[in-house]
Amino acid sequence: MRASYEPKLVVLGGGTGSFTLLQGLKELTSYITAIVNMSDNGGSTGVLRDELGVLPPGDIRQCLVALSDNPEVRNLFSYRFADGRFEGQSLGNIILSGLELQHGSFEEAVRIAGEVLHIRGRVLPVTLKKHTLYMNDGDKVVRGQAAVSKHYIANKDPELWQNPTPAATPEVIRAIHTADIVVIAPGNLYASLLPLLMVEGIVGVLQETKATIVQVTNLVNKPEHTKDWHVVDYVRAIERVVGKGVIDHVLYNTQGISDELLQRYAADGEFPVRTDPELFAELSPIHIVGAPLVSDVFARQDAADKEVRRTLIRHDAKQVAAELKNLLNPTKRPKEA
């Protein structure tokens, strides 16, 4: 890869997973597009959706902040009110919703916020159609992204759907179609990643694009959804939506996590994603890459963010960016796990 070459990179996801990766990936290329899930209805985002009838701003805000080069405005958009009528509400969410109401367009709101934040690249909502996420888990139907996120899944393969069926925007389709590399970010599988991939038009363009497609797997299992899962289980869950032969590379963590953090997570039943080496053969011919991907700077929960429990164990975004750069340069590609 020439030193002057900057790949066109697309990140699919939303929430903390995309937020973390984008901070490192924006150093890899200025041609970066974050495509964001739009089914969120929990926390402060849910309040704005219900009271103002706006599209969900929360995951969009996080991605805008991650790509921002203006620390003061970035901190402004991340500020949460600790008490009063706005307790728990994100100022950035309020700004985005206000811009949407002012201009009558969520796309315009995101564009203006991106200019204010001086972001590298761009952030695109995967759809502009209001919709609700549903899960059918045996004889139980769960309504709404927030409820799905908290629901303890009883069946191995719960059914997800969205009503009304949302369609991807033309800009999103073009971004994926013309990308050099598409990254499926880590995140909440059933409440964020799969709903994004299920948006009409996404599977088709992922199957058609000539881009290299990389899945970055989660660090920790979610006990309600993915208890005792292996890296292979995450790949299979994505493949059930996008089809086999779409994912080219899988990037997973080989680094240990500190005892202090493990004990804190174990209290909630959360443990690292399994990486038993003998199971990786099931994914052939997908190229499997293991690397130390845990950040040594652990996140802290914002005391004002009381509705949503955030992940404290995060990926090392710079290391992920370095591994992706190797994948784009065959002469430096690491050996398979």
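Values in this text are rule-based calculations from the coordinates and carry no lab data. Everything numeric here is computed off the predicted structure, so don't read it as measured data. Glycine gets a Cβ as well: all are built from the backbone with ideal geometry, and neighbour counts include every protein chain shown.
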- Task: Choose one of Asn188, Ala109, Ser295: the residue whose Cα lies farthest towards the positive end of the charge dipole of the chain (beta-carbon charges +1 Lys, Arg; -1 Asp, Glu; about the Cα centre).
- Result: Ala109
- Computed over the chain, the relative contact order (Cα-Cα under 8 Å, seq sep at least six) in percent reads 19
- Task: Could you please rank Phe81, Phe106, Phe19, placing first whichever residue has the fewest other Cβ atoms within 10 Å of its Cβ?
- Result: Phe81, Phe106, Phe19
- Task: Determine the principal axes of the Cα atoms in the chain, then give the extent along each, sorted from largest to smallest and rounded to whole angstroms.
- Result: 53, 50, 40
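Which whole-number percent is the relative contact order of segment 1-80 (Cα, under 8 Å, 6+ apart)?
Numbers: 92 pairs, mean separation 24.2, N = 80.
This gives 30 percent for segment 1-80.
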- Query: Can you list the aspartates and glutamates whose alpha carbon is less than 20 Å from that of Lys325, not counting same-chain residues fewer than 8 positions off?
  - Reply: Glu6, Glu27, Asp180, Asp248, Asp316, Glu336
- Item | Alpha-carbon centroid distance for the pair segment 207-235 / segment 128-196, whole angstrom | 14
- Out of Tyr252, Asn155, Ile173, whose Cα points farthest toward the positive end of the dipole of segment 9-332 (charges: +1 Lys, Arg; -1 Asp, Glu; placed on Cβ)? Ile173
- With each label point set 7 Å from Cα along the Cα-Cβ vector, what nm distance links Phe81 and Asn326? 4.8
- Task: Rank by packing, highest mean first: peptides 120-128, 57-65, 143-151, with packing defined as the count of other Cβ atoms within 10 Å averaged across residues.
- Result: 57-65, 120-128, 143-151
- Query: Working out 0.36 nm times the residue gap between Glu260 and Asp228, then minus their Cα-Cα distance, what length gain in nm do you get to one decimal?
  - Reply: 9.5 nm
- Item | Over 27 Å (Cα to Cα) - which of Lys130/Lys227; Lys8/Lys244; Lys156/Lys244; Lys26/Lys210 fall in this group | Lys130/Lys227
- Just going by the charge dipole of the chain, with Lys and Arg at +1 and Asp and Glu at -1 on Cβ, which of Asn221, Val273, Asn75 is farthest out on the positive end? Asn75
- Just need the relative contact order of segment 1-139 here, percent rounded to a whole number, with Cα pairs under 8 Å and 6+ apart. 27
- Query: Any idea what the dipole of segment 9-332 comes to, in debye rounded to 20, about its Cα centre with Lys/Arg Cβ at +1 and Asp/Glu Cβ at -1?
  - Reply: 300
- Along Cα→Cβ, 7 Å out, is where each label goes; now give me the distance between the ones at Glu72 and Glu159 in nm to one decimal. 5.5
